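K.L.:
A single structure is presented below for examination.
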């Protein structure tokens, strides 16, 4: 279906796309840092539709064609301060991004959804389940963490590269995307360079915002430790994590599964901070299995 803009009561505009029959149970897909909805592979979405689900993917605020918070300027020094735990003003928090998800559900007439998030999106998905558990049928958190700084840490070699300017032109952004894909990707599989380059070009054309990434980074770096709240959840949940993830250490996934009562943990050897085609079926099966636990309980 074509992309659509939903204007939420907060004034935030969320660009989104739906696939499948709206009469089927809805899966809400929440993407990670700086990544618009096209980072959810089409074949992944279509596989979920084939399993009998209505799929919604969207651009987070400050990403793609959704609202940009340009009036809130963030310097790289602010990100460094937040990284080392010093206080810093934030334009918005993960709770605001969770509210965007619920606002989009309201706009689509979806009362309850299976929520699936990757990386930062997993943090948002967890926040949604904590804030309004009655609206979250199931939770699948992929290569994410709990907000506890003692788990899910980032390899120190990555920080300098992430703060390096990506350039202003399309060619510079595309080249930088390939560098990043190789830095955080899965060592068990070769990087699909053609896919990365095509996706990067589409991402830039849909509206790339370096300042938006910095604002999202502040939301991540100032997030609370959700562990106590996760322990109170009564929702089918699954944490999926690659064992070779340099961006969010696999201890983040283990901690997520360990905190949520009855949660399943799925670890994937040789997987980094991406979703290689070879892992696609494992990811789809984890989402579907978790969703069906909710329907079986109902």
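K.L.:
If packing is taken as the average number of other Cβ atoms within 10 Å across a peptide's residues, how do 79-89, 145-155, 113-123 rank, most packed first?
P.N.:
On the way: 79-89: 13.3, 145-155: 20.2, 113-123: 28.0.
The packing order, highest mean first, is 113-123, 145-155, 79-89.
K.L.:
Please rank 197, 29, 233, fewest neighbouring Cβ atoms within 10 Å first, as an exposure proxy.
P.N.:
Numbers: 197 15, 29 28, 233 20.
Starting with the residue having the fewest Cβ neighbours, the order is 197, 233, 29.
K.L.:
Need one word for the stretch 203-254: rounded, prolate or oblate. Basis is the Cα gyration tensor (sqrt eigenvalues a ≥ b ≥ c); a/c below 1.5 gives rounded, then a/b vs b/c decides. Provide the component values of the computation, followed by the final result.
P.N.:
Numbers: a/c = 2.15, a/b = 1.67, b/c = 1.28.
Note, shape of the stretch 203-254 comes out prolate.
K.L.:
If you don't mind, there's one more thing I want to ask. Of the peptides 16-25, 251-260, 187-196, how do they stack up when ordered by the mean number of other Cβ atoms within 10 Å, highest first?
P.N.:
Details: 16-25: 16.2, 251-260: 24.2, 187-196: 13.6.
The peptides rank, most packed first, as 251-260, 16-25, 187-196.
K.L.:
Candidates (i) 19.7; (ii) 20.7; (iii) 19.0; which is the computed Kirkwood radius over Cα pairs in Å?
P.N.:
Given (i) 19.7; (ii) 20.7; (iii) 19.0, the structure-derived one carries the label (iii).
K.L.:
Rounded, prolate or oblate, given the Cα gyration tensor of the stretch 190-278, with a/c below 1.5 counting as rounded? Please report the intermediate quantities before stating the final value.
P.N.:
Numbers: a/c = 2.54, a/b = 1.44, b/c = 1.76.
In terms of gyration-tensor shape, oblate.
K.L.:
Do you know the relative contact order of the chain, to the nearest whole percent, from alpha carbon pairs under 8 angstrom that are 6+ apart?
P.N.:
On the way: 602 pairs, mean separation 62.1, N = 298.
The value is 21 percent.
K.L.:
On full extension of the chain, what length is gained from residue 159 through residue 277, given 0.36 nm per residue of separation minus the C-alpha to C-alpha distance? Walk me through the numbers before you get to the answer.
P.N.:
Details: separation 118, 0.36 × 118 = 42.48 nm, distance 2.66 nm.
Net length gain for the segment: 39.8 nm.
K.L.:
Rounded to the nearest 5, what is the percent of antiparallel bridges among the DSSP beta bridges in the stretch 19-178?
P.N.:
Working: 1 of 15 bridges.
Rounded to the nearest five, the antiparallel share is 5 percent.
K.L.:
So, one more: Given the stretch 4-297, what percent of its DSSP beta bridges are antiparallel, to the nearest 5? Walk me through the numbers on the way to the answer.
P.N.:
Details: 8 of 31 bridges.
Close to 25 percent.
K.L.:
Which ordering of 179, 92 is given by a fewest-first count of other beta-carbon atoms within 10 Å? Intermediate results must be reported in sequence, preceding the final value.
P.N.:
Values: 179 13, 92 18.
Ranked by crowding around the Cβ, least crowded first: 179, 92.
K.L.:
Label-point separation (nm) for residue 111 and residue 298, each offset 7 Å from Cα along Cα-to-Cβ?
P.N.:
My value for the distance between the label points is 0.9 nm.
K.L.:
List 186, 209, 138 from most exposed to least, where exposure is judged by having the fewest other Cβ atoms within 10 Å. Walk me through the numbers on the way to the answer.
P.N.:
On the way: 186 23, 209 17, 138 26.
Arranged by neighbour count, lowest to highest, 186, 209, 138 become 209, 186, 138.
K.L.:
So, in Å, what gap is there between the alpha-carbon centers of the stretch 10-88 and the stretch 121-144?
P.N.:
13
K.L.:
While we're on this one: Just from its helices, what would the mean residue ellipticity at 222 nm be for the chain, if runs of 4 or more DSSP H residues each count -39500 (n - 2.57) and the sum is divided by every residue, rounded to the nearest 500 deg cm²/dmol? Intermediate results must be reported in sequence, preceding the final value.
P.N.:
Details: 11 runs with 124 residues, N = 298.
Value at 222 nm, helices only, nearest 500: -12500 deg cm²/dmol.
The numbers here are math on the coordinates, done by the rules we state, and not lab data. No experiment lies behind these values; they were computed from the predicted model shown. Neighbour counts are summed over all protein chains in view; Cβ atoms, including those assigned to glycine, are modelled from backbone coordinates with ideal geometry.
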